[in-house]
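Encoded as structure tokens, the structure appears first; notes follow it.
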Amino acid sequence: MRPKRIIEIMREQATGTEVTVKGWVRTRRDSKQVSFVALNDGSMVANLQIVVNPSLIDEQTLRRITTGACIAATGTLVASQGKGQSVEVQADKIEILGDADASFPLQKKGHTWEYLREVAHLRPRSNTFGAIFRIRNNMAFAIHKFFHDKGFVYFHTPLITGSDCEGAGQMFQVTTLDLNNLPRTEDGKIDYSQDFFGGQTSLTVSGQLEGELAATALGAIYTFGPTFRAENSNTPRHLAEFWMIEPEMAFYDIKDNMDLAEEFIKYCVQWALDNCMDDLEFLNKMIDPELIERLKFVTTHDFVRLPYTEGIKILEEAVAKGHKFEFPVFWGADLASEHERFLVEEHFKKPVILTDYPKEIKAFYMKQNDDGKTVRAMDVLFPRIGEIIGGSEREADYDKLLKRIEELNIPMKDMWWYLDTRKYGSCPHSGFGLGFERLILFVTGMANIRDVIPFPRTPGHAEF
Ligand code: 4AD
Ligand code: MG
């Protein structure tokens, strides 16, 4: 008989029937007559209580029911007398499927997040990480559903790339050359023509440029995949490998783009409220008592829309009134997370979409405004997170785009295929990128991005 998952048992509440459940022992508590085993199978945050009567189970088996062990329990499902659970299993048979060595690292409650990262291979077996990874799964599903329902095409862009779309110096190189014996050209440079792809390649930092090719053919597309950035930022919001969702739409201007971004995030947060309440309630209790309130707030309030220049004015006024920022505030400055969070958390107390940034601090492909100084960028700034989405309307004019590429010394040999979108049937179009882990940070209330991806990659860390 297929064992029932605990979530089914809790849903059906079929007391009086015989059930078999399989899972991992979270805790065991012994009283004089019986032992109480909290069993979890990952299907939900709640444990199922297994009541073990020592007179029915042999002593050898009893001893092996320890924290971390995998067991199958068979018995009658009964209404529970105890607090905290509606039903429990009166076991008449226990089978040990896998013993847990006494060194099992998740014995106690109250391990630090740092310690749990050291045992990232086992931390999904804790209640908190179980909740986080179930929510992460739900968010991935919600994202596909949102775009699928709107008729967007899920488009797969390459992970290995020969171009550096967003700017220099942040890419992980991909090579099969022998690093101890590199082939050289006559002038002493590394001869990449002998490398696997016949040229220098890297892991992608974004699928956007290929996404634009697709949008100018299929109309509206999105990508959802891993991206890689070798920036050495040891912050609670940066990973070297993170997942990004990048919709790209023909015939959308920046306003349509903002509307879509706002609708999209609200949809995802509402999805969590509608489908992950057990896990959210757990996190609300254990991690952040304002979590659910914050999620509801975001789904029910309009995001502020504000030009960068206005944002700088607000920050300058705050500085004049004595507010201290670590990084300087001036027109032209790239905003740090402290500035973004000031606008969102202290000034507006709402999510903010900041637009029309100085062109110097944004990528070459953004549509240039008539003022000659700013571009049609839009960043969505969120409480506790700062930037959660970055996007823009794209420059559709071939000549303007080419001029910008030349100004920035971006190698044209990498860009010919991208420029072809503007050469053959160019159209106004827009898109944005949502950092998946930043969304999960927001939805779970966790404080560090390393704790919302199963196996985080950060400077100095690529274990597991
Ligand atoms: O603002 P970014 O760099 O934009 C792009 O990559 C564009 N190509 C997107 C587009 O228009 N299609 O990155 C987009 C988002 C950020 O807002 C942030 O949420 C997330 O990706 N992000 C990171 N998340 C985790 N770790 C990092 N190192 C991240 N860098 C960016
Ligand atoms: Mg950005």
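None of the figures in this text is laboratory data; all of them are computed from the coordinates on show. As the structure is a prediction and not an experimental result, all values here were calculated from the model. Cβ sites come from the backbone with ideal geometry, for glycine too, and all protein chains shown count toward neighbours.
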### Query
Could you put VAL380, VAL21, VAL119, VAL174 in order, starting from the residue whose Cβ has the fewest other Cβ atoms within 10 Å?
VAL119, VAL174, VAL21, VAL380
### Summary
Karplus-derived 3J(HN,Hα) from phi for region 450-464 (6.51 cos²θ - 1.76 cosθ + 1.60, θ = phi - 60°), whole Hz, x at Gly and Pro, runs 5, 9, 10, 10, x, 10, x, 10, 9, x, x, 9, 9, 6, 6
### Query
Using the Karplus equation 6.51 cos²θ - 1.76 cosθ + 1.60 (θ = phi - 60°), what ³J(HN,Hα) coupling, rounded to whole Hz, does each residue of region 199-205 give in order, writing x for Gly and Pro?
x, 6, 9, 9, 7, 6, 9
#### Entry: Approximate spin-label separation GLN13-LYS32, in nm, with each point projected 7 Å along Cα-to-Cβ
3.3
### Summary
What helix-only [θ] at 222 nm does the chain give? Using -39500 (n - 2.57) per DSSP H run of at least 4, over all residues, to the nearest 500, the answer is -9000 deg cm²/dmol
### Message
Just to confirm a number: summing +1 for Lys and Arg and -1 for Asp and Glu over residues other than GLY207 whose beta-carbon lies under 10 angstrom from that of GLY207, what do you get?
### Response
-4
### Query
So what is Rg over Rh here for the chain, counting just Cα atoms and using Kirkwood for Rh?
1.05
### Summary
LEU39 neighbourhood, Cβ < 11 Å, K/R = +1, D/E = -1, net charge +1
### Query
Relative contact order of region 26-68: what whole-number percent is it, with Cα pairs under 8 angstrom and at least 6 residues apart?
37
#### Entry: Cβ-defined net charge surrounding LEU97, 14 Å radius [Lys, Arg +1; Asp, Glu -1]
0
### Task
Sticking with the crude label model, points 7 Å out along Cα→Cβ, report the distance from ARG2 to GLN170 in nm, one decimal please.
4.5
### Task
Using θ = phi - 60° and the Karplus relation 6.51 cos²θ - 1.76 cosθ + 1.60, list the HN-Hα couplings for region 14-19 in order, rounded to whole Hz, with x at every Gly or Pro.
7, 5, x, 9, 8, 10
#### Entry: Gain upon complete extension [PHE196, GLU346; 0.36 nm per residue less C-alpha separation]
48.8 nm
### Task
Quick one: check the C-alpha center-to-center distance for region 122-149 versus region 382-412, whole angstrom.
31
### Task
Sort ILE190, ILE9 so the one with the fewest other Cβ atoms within 10 Å of its own Cβ comes first.
ILE190, ILE9
### Nitroxide proxy distance, nm - points 7 Å out along Cα→Cβ at GLU463 and ILE160
3.0
### Message
Sort 230-240, 75-85, 381-391 by packing, meaning the average of other beta carbons within 10 Å per residue, with the highest value first.
### Response
381-391, 230-240, 75-85
